[in-house]
Amino acid sequence: MLPAAWPYYVRLFVSFSLFLVAGVFSIVSNDLSFLLLPFAWILIPVIFHFAVTQTEQLFWLMFIMLPLSTELNITPQLGMDFPDELLMMLLTGISIVKLIHQPKWFPAGLLKHPLFLVLTVSLFWIAVTCIYAAEPVLSLKYLLAKAWYIIPFVLLPQVILQSRNSIGKMAFCLLVPMLLVVIQSLLRHSFYGFSFKNIQQVLAPFFRNHVNYSSMLVCLLPVAWCAWKLTPTENPKRKWIFYGMLIGAAGLIFAYSRGAWIALLVGTAAVWVIRKKMMGVLVGLSTLGVFISAAWLITDKNYMRFAPDHDRTIFHTNFSEHMAATVDMKDVSAAERFYRWIAGARMLADRPVTGFGPNAFYLHYRPYTVNRFETWVSDNKEHSTVHNYFLLIALEQGFIGLVLFCALYFGMLLHIQRLYHRFQSRFYRTVSLTVGIVLVMIGVINCMSDMIETDKIGSLFWLCLGMVILITEKSREEKEMLA
């Protein structure tokens, strides 16, 4: 961090003095962390220079680290996903500096896209809900986190992913680390006989639980399929991609996640939906189904029919029993979802306009729960939320926030279908179809979970938005070229 123009002996003296002072403080305070200061003094200028001059390399590194990152708790209240979230922050900071110094660096096509307009309005509304939030500090943290997810995954792809090779490189950076995680998980799991009971402990430190793991895995399987589909038959890499897909499928089976299995089935069906131009019908029927179901549950308190038996609602260590309990509505995870969904719906009814503010559910849902639905895991030691992302958006950002998110999500689905049918290029048609499949899978997963705020799924969701905008520009270029 010393100016290079300073004489060598001055820089040496200052560096030695810093090392000496850090050593004295370390001995006096009995805290070895002071000894990190001299290393930071040496490394920070190197890291800063690399970040500024090699932004694209950081971009690839971020994708490599997505499947490999772990949750790091800095304090009991403050945590982050390390190191991928740190890379997102770094890329966000560099991008903001570049925009200030080189305004023309900002992709012009981004501002013109209607989905970017919806995203901008949505962010503005989140800022409004932060003003009325029950937990202003946590809500502000949520808004900041949105920035360092959106800039790397929505804005930067418009700059960096300009060629087919770069899109392929991005897929490679995601798939290879995920394959390594799956292989090590399967190997470790084999020592436990692939038992359902032990799946959680073989995923550390890369994934918190089997739901996060299976969700990211199932969303990356279409990406692997896309890579396999676009690799020429005579290329020897094609068979290795196929072998990787088989390993990924095995990992998904032994993850024992019902939600991911359903997402795979619905994602497969989405191929037919997109090809037949039925996405609008699917979106309409799904929305209508939600409204009808909600109206029926509310009428005469029909939701009380699903109240569990507290003593018979248990977690099964045998997967067959676990599935049977799910069908009989005696599985603890299903019962706990009803417990939180009811609380979430009552919170929404209490604050329908601005909601409780982002990140407020956990601290405020207890008074809104119904004791009849309580289970033995309702103490919620994991501090997890409502287990339905659409409901979470509604109760924390109000009905306006829900409408804006749905406009963004459904708009992405309809756009990608239109792009699939517009392209002449086999490459971009396949990429469009893949993005559509992943988006449908993310929607299914988030009907039973709320994972768009996690690094593993949130990154893929925002990347899908970036890809929709990027592919729109590629479609326009193709149209001009063929004209």
Practice item. In whole angstrom, note down how far apart the Cα centers of region 415-483 and region 162-232 are. Key: 20 Å
Revision key, fill the gap. Answer in debye to the nearest 20: the dipole magnitude of the chain about its Cα centre, from +1 Lys/Arg and -1 Asp/Glu charges placed on Cβ, is 1480 debye
Point to revise | Expected-Rg normalisation [2.2 N^0.38 Å, Cα atoms] applied to region 103-191 | key: 1.55
Practice item. Using Cα centres only, tell me the gap between region 278-304 and region 247-273 in whole Å. Key: 24 Å
Review point. Hey, what did the chain get for relative contact order, percent, Cα under 8 Å, at least 6 apart?
Key: 19 percent
Check your understanding: Based solely on its DSSP helices, what 222 nm [θ] is calculated for the chain when runs of n ≥ 4 H residues each add -39,500 (n - 2.57) and the sum is averaged over all residues, nearest 500 deg cm²/dmol?
Key -> -23000 deg cm²/dmol
Review point. Roughly how much of Ile298 is accessible, in Å² to the nearest 10, using a 1.4 Å probe?
Key: 130 Å²
Point to revise | the chain - accessible surface per residue (Å², probe 1.4 Å) | key: 51 Å²
Exercise for review: Grab the Cα-Cα distance for His421 and Phe399, subtract it from 0.36 nm times how many residues apart they are, and report the gain in nm with one decimal.
Suggested key: 4.6 nm
Exercise for review: List, in the order given, every pair from Lys112/Lys456; Lys169/Lys381; Lys104/Lys239; Lys277/Lys474; Lys104/Lys237 whose Cα-Cα distance in the structure shown is over 32 Å.
Suggested key: Lys169/Lys381; Lys104/Lys239; Lys104/Lys237
Exercise for review: For region 373-458, state which GluC sites (Glu not before Pro) are in a DSSP loop and have at most 15 other beta carbons lying within 10 Å of their beta carbon.
Suggested key: Glu382
**Study point:** Using a Förster distance of 51 Å, the FRET efficiency for Leu414-Lys381 (Cβ separation, nearest 0.05)
**Key:** 0.80
Exercise for review: Can you find, among Phe399, Leu117, Leu37, the residue farthest towards the positive end of the dipole of the chain? Put +1 on the C-beta of Lys and Arg, -1 on that of Asp and Glu.
Suggested key: Leu117
Practice item. Could you check how much of the accessible area of region 328-425 is carbon and sulfur, as a whole percent, using a 1.4 Å probe? Key: 59 percent
Point to revise | Per-pair calculated FRET efficiency, R0 = 56 Å: Arg275 and Ile100 via Cβ, rounded to 0.05 | key: 0.80
Revision key, fill the gap. Put Glu135, Glu56 in order of accessible area, largest first, probe 1.4 Å, and you get Glu56, Glu135
Review point. So for the chain, taking the charge dipole from beta-carbon charges (+1 Lys/Arg, -1 Asp/Glu), which of Leu363, Gly23, Phe194 sits furthest toward the positive end?
Key: Phe194
Point to revise | Charge dipole magnitude, Cβ of K and R +1, D and E -1 - region 427-483, Cα centre, debye nearest 20 | key: 200 debye
Practice item. Can you quote the Å³ per residue value for the convex hull of the Cα atoms in region 141-207, rounded to an integer? Key: 114 Å³
**Study point:** Mean shadow area of the chain over all directions, Cα convex hull, nm²
**Key:** 28.5 nm²
Revision key, fill the gap. Once phi for every residue in region 424-435 is put through the Karplus expression 6.51 cos²θ - 1.76 cosθ + 1.60 (θ = phi - 60°), the whole-Hz ³J(HN,Hα) values, with Gly and Pro written as x, are 8, 5, 4, 4, 6, 5, 5, 5, 4, 4, 5, 4
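The values are calculated or read from the model by the stated rules, or taken from the named source; none is laboratory data. Everything numeric here is computed off the predicted structure, so don't read it as measured data. Cβ: placed from backbone, ideal geometry, glycine included. Neighbour counts: every protein chain shown. Remember, those area values only see protein heavy atoms, side chains included, never the ligands or the DNA or RNA. Shrake-Rupley method; radii C 1.70, N 1.55, O 1.52, S 1.80 Å.
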